[in-house]
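Report on the following structure.
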Amino acid sequence: MKRSRIRRSRLQHMAQQYPWHVAALVVLLCSPPSWLMVGLGARAGLLHHAGLAALGAAMLTALGWWGEAGVNRPARWRNVHLAAIPLAAVAVCFPRGPVAAGAQFLPYALMALLIALQRELWFRGILFRALIPTYGPRRTVLLTALLFALPQAADMLAGAAPGVTLVKALAAGLLGYVLGALRLRTRSIWPGTVVAAVFHLSIFLARFQAAEEMLPESSNHLGLRVFMGLLVYASARLWMRRAEDEVAVPAPEPETVQAS
């Protein structure tokens, strides 16, 4: 028992002393550029995201950060009503017209849930907890949003169209900021997980609809997502004005001094 406590303390110290190492790990693991995921089939994609969620849970157990990372019970949640704003925006962007049938809808829904779960565990859970003692609430929300958008921008290195790629990176950054603000104000990753899952489901259904009609994904739909993202981002900025009065920020760990 004593050894496990010492090991956990060392892991916590490393995560807080070297948050950018944690950031690099999270970005590389959880949001690889889309061109790396092209070869994965649906089943492999489900296993990939389920594995990352399980790995995130194992990491939280090793660090002892379950509660501090926002993986907590509803009794500890605050301001859950704020999730209604991004959910309403996603509802506006939800694709109209034919929707995938039940046999196809369930895999889309499961994939959306697993993507949302693993990314919230890693970005708004582990990474958020590692950054906040050093950078404070506001900068942590901003930094996690930028890191969340980075893999989308990296798609340009593989020859993706710069215009579409930048718009997608902007949409990811806006979503990341809103989810970070939601994590901060609700003190939990679960409301953001629901928002992110519904958001990803809307994207999958839009792509299904475009494939059924043999058309590329509508640029109007992408533009609408960005526009609604800007509106919700503006709301999130208002939420952040009250955040610092409500959030208890863990103190940064002191530097270890070696005896000479």
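The values are calculated or read from the model by the stated rules, or taken from the named source; none is laboratory data. Keep in mind it's a predicted model, so treat the numbers as computed, not measured. Ideal geometry is used to build each Cβ from the backbone, glycine not excepted, and the neighbour counts take in all protein chains shown.
Computed values, structure above
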{"quantity": "Selection status of LEU131, over 28 Å from ALA42 (Cα atoms) and hydrophobic (A, V, I, L, M, F, W, C)", "calculated": "yes"}
{"quantity": "Selection count, segment 152-183, where residues are in a helix (DSSP H, G or I), crowded, with 17+ Cβ neighbours inside 10 Å and either without any contact (Cβ under 8 Å) to a residue 12 or more places away in the chain or not charged (D, E, K, R) (or both)", "calculated": "19"}
{"quantity": "Identity of the residue in segment 203-217, part of a helix (DSSP H, G or I) and among the aliphatic types (A, V, I, L, M), that ends up modelled with the highest pLDDT", "calculated": "ILE203"}
{"quantity": "First in segment 108-121 and over 13 Å from PHE148 (Cα atoms), second anywhere and hydroxyl-bearing (Ser, Thr, Tyr), Cβ under 7 Å, 6 or more apart", "calculated": "LEU117/THR193"}
{"quantity": "Boolean, VAL198 is under 28 Å from ALA44 (Cα atoms), under 14 Å from the mean Cα position of the chain (by Cα) and modelled with pLDDT of 95 or more", "calculated": "no"}
{"quantity": "Qualifying residue in segment 135-149 (condition: farther than 29 Å from ALA62 by Cβ and more than 13 Å from the chain's Cα centre (by Cα))", "calculated": "no"}
{"quantity": "Residues satisfying the stated conditions in segment 184-202, i.e. assigned to a helix (DSSP H, G or I) and basic (Lys, Arg)", "calculated": "ARG185"}
{"quantity": "Residue among ALA181, ALA172, ALA112 that is over 21 Å from GLY51 (Cα atoms), of a type in the set (A, V, I, L, M, F, W, C) and over 11 Å from the mean Cα position of the chain (by Cα)", "calculated": "ALA181"}
